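Peer 1: To start, I am sharing the structure in question, which I have written as structure tokens.
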Amino acid sequence: MTNTPATPAAAPFSRIKIRTGALVFCGDDVALIRRDRADSTHYTPPGGNVEDGEDLTTALARELTEELGLDTALAEGGDLMWMVDQRVTRPGPTPPPRKLHLIYRFHITPDIRATLAEQELDELPDGSHEVGVIEWIDYRKTAGLPIFPPIGPALAALTDPRAAVLDAALEAVTDENYTWL
């Protein structure tokens, strides 16, 4: 009989994940995914985690195809807009990873928008799905929305959807300034 030592539990934020997401604009409207839960509602930009060995551009294109049905080759842009460093404790038994959110920007035409998904299904660990609703919201009205990562104020402050961003690094999201919903 061999005794194998127990694997020590990972410390919080000792792992890092990268999430690519996008602000997809059609005129002044931006696509956000609304998730309604029993005691909260929140919004996220379409996107998801980069898989092992996957490059950022491929991950972003895959996620936008999965969530919106958007072929990024038909969109204009793809420039990195913001980065958000997340170190937030969350519920559950797994120590939380540190997550780096990379938010890109695309522009589409009304004709392309008309072909995109209206719902997004997010698979849960038990195999069921959580339904997200794709909402097109005037970007200037996002400051007070519960968006994660919390980019609403920066988004609403843009002078227009194509405005240059002078500082891509937004404030880090930590337990001191954010409570997990």
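Peer 1: Mind checking the alpha-carbon convex hull of the stretch 36-181 and giving the volume per residue in Å³? All intermediate terms of the calculation are to be shown ahead of the outcome.
Peer 2: On the way: hull volume 20.1 nm³, N = 146.
Here the figure is 138 Å³ per residue.
Peer 1: Nothing charged except the Cβ atoms of Lys and Arg (+1) and of Asp and Glu (-1): what's the magnitude of the dipole of the chain about its Cα centre? Round to the nearest 20 debye.
Peer 2: 560
Peer 1: Looking only at GLY92, GLY69, GLY152, which one moves most when the chain is put into a Gaussian network model with springs between Cα atoms under 10 Å?
Peer 2: It is GLY92.
Peer 1: Here's another thing I want to ask about it. Test of understanding: in a Gaussian network model of the chain with alpha carbons linked when under 10 Å, which of ALA169, ALA73, ALA117 would top the mean-square fluctuation ranking?
Peer 2: Comparing ALA169, ALA73, ALA117 in the GNM, the peak value goes to ALA73.
Peer 1: Between LEU124, LEU155, LEU100, which gets the highest mean-square fluctuation from a Gaussian network model of the chain, Cα cutoff 10 Å?
Peer 2: Result for the chain, Cα springs under 10 Å: LEU124 fluctuates most.
Peer 1: Write down the accessible area per residue of the stretch 1-150 in Å², having rolled a 1.4 Å probe over the full set of protein chains.
Peer 2: Here the residues of the stretch 1-150 average 54 Å² of exposed surface.
Peer 1: Here's something else I'd like to know. Say each of THR89 and ALA73 gets a label point 7 Å from the Cα, pointing the same way as Cα to Cβ; how far apart are those two points in nm?
Peer 2: If labels sit at THR89 and ALA73, their model points lie 4.8 nm apart.
Peer 1: On to the next question. Arranged from highest to lowest average of other beta-carbon atoms within 10 Å per residue, in what order do the peptides 126-135, 23-32, 159-168, 107-116 appear?
Peer 2: 23-32, 107-116, 126-135, 159-168
Peer 1: Relative to a virtual label point 7 Å from the Cα of GLU135 in the Cα→beta-carbon direction, which members of the stretch 33-49 show backbone nitrogen distances below 14 Å?
Peer 2: What the label zone holds, given the 14 Å backbone N cut-off, is 33-37, 40-46.
Peer 1: For the stretch 23-156, what proportion of DSSP beta bridges, expressed in % and rounded to the nearest 5, is antiparallel?
Peer 2: Of the beta bridges lying entirely in the stretch 23-156, close to 90 percent run antiparallel.
Peer 1: Leaving out ligands, DNA and RNA, what percent of the accessible area of the chain is carbon and sulfur, probe 1.4 Å?
Peer 2: Ligands and nucleic acids excluded, carbon and sulfur give 53 percent.
Peer 1: Related question: To the nearest 500 deg cm²/dmol, what mean residue ellipticity at 222 nm is calculated for the chain from DSSP H runs of n ≥ 4 alone, each contributing -39,500 (n - 2.57), summed and divided by the residues? Spell out each step's value before the answer.
Peer 2: On the way: 3 runs with 22 residues, N = 181.
Using -39500 (n - 2.57) per qualifying helix, the result is -3000 deg cm²/dmol.
Peer 1: Something else now. Using only alpha carbons, build the gyration tensor for the stretch 18-121 and give me the equivalent ellipsoid semi-axes, biggest first, whole Å.
Peer 2: That gives 24, 17, 12 Å for the three semi-axes.
Peer 1: Could you check the spin-label model distance between ASP52 and LEU124? Points 7 Å from the Cα along Cα→Cβ, value in nm.
Peer 2: 2.7
Peer 1: Right, something else. Report relative contact order for the stretch 78-167 in percent, whole number only (criteria: Cα-Cα under 8 Å, sequence separation at least 6).
Peer 2: Numbers: 91 pairs, mean separation 17.1, N = 90.
Rounded, it is 19 percent for the stretch 78-167.
Peer 1: Describe numerically, in nm with one decimal, the distance between label points set 7 Å from Cα along Cα→Cβ at GLU66 and at GLU171.
Peer 2: Label-label distance for GLU66 and GLU171, simple model: 3.1 nm.
Peer 1: Quick one: 3J(HN,Hα) in Hz for the stretch 53-67, Karplus 6.51/-1.76/1.60 with θ = phi - 60°, rounded, Gly and Pro as x.
Peer 2: Whole-Hz 3J(HN,Hα) from phi for the stretch 53-67: x, 8, 7, 4, 5, 5, 4, 5, 4, 4, 5, 5, 5, 5, 8.
The values are calculated or read from the model by the stated rules, or taken from the named source; none is laboratory data. Note that the coordinates shown come from a computational prediction; the quantities given were computed from them, not determined experimentally. Using ideal geometry, Cβ is built from the backbone for each residue, glycine included, and neighbour counts are taken over all protein chains shown. In case anyone asks, the SASA skips ligands and DNA or RNA and just uses the protein heavy atoms, side chains included. Shrake-Rupley method; radii C 1.70, N 1.55, O 1.52, S 1.80 Å.
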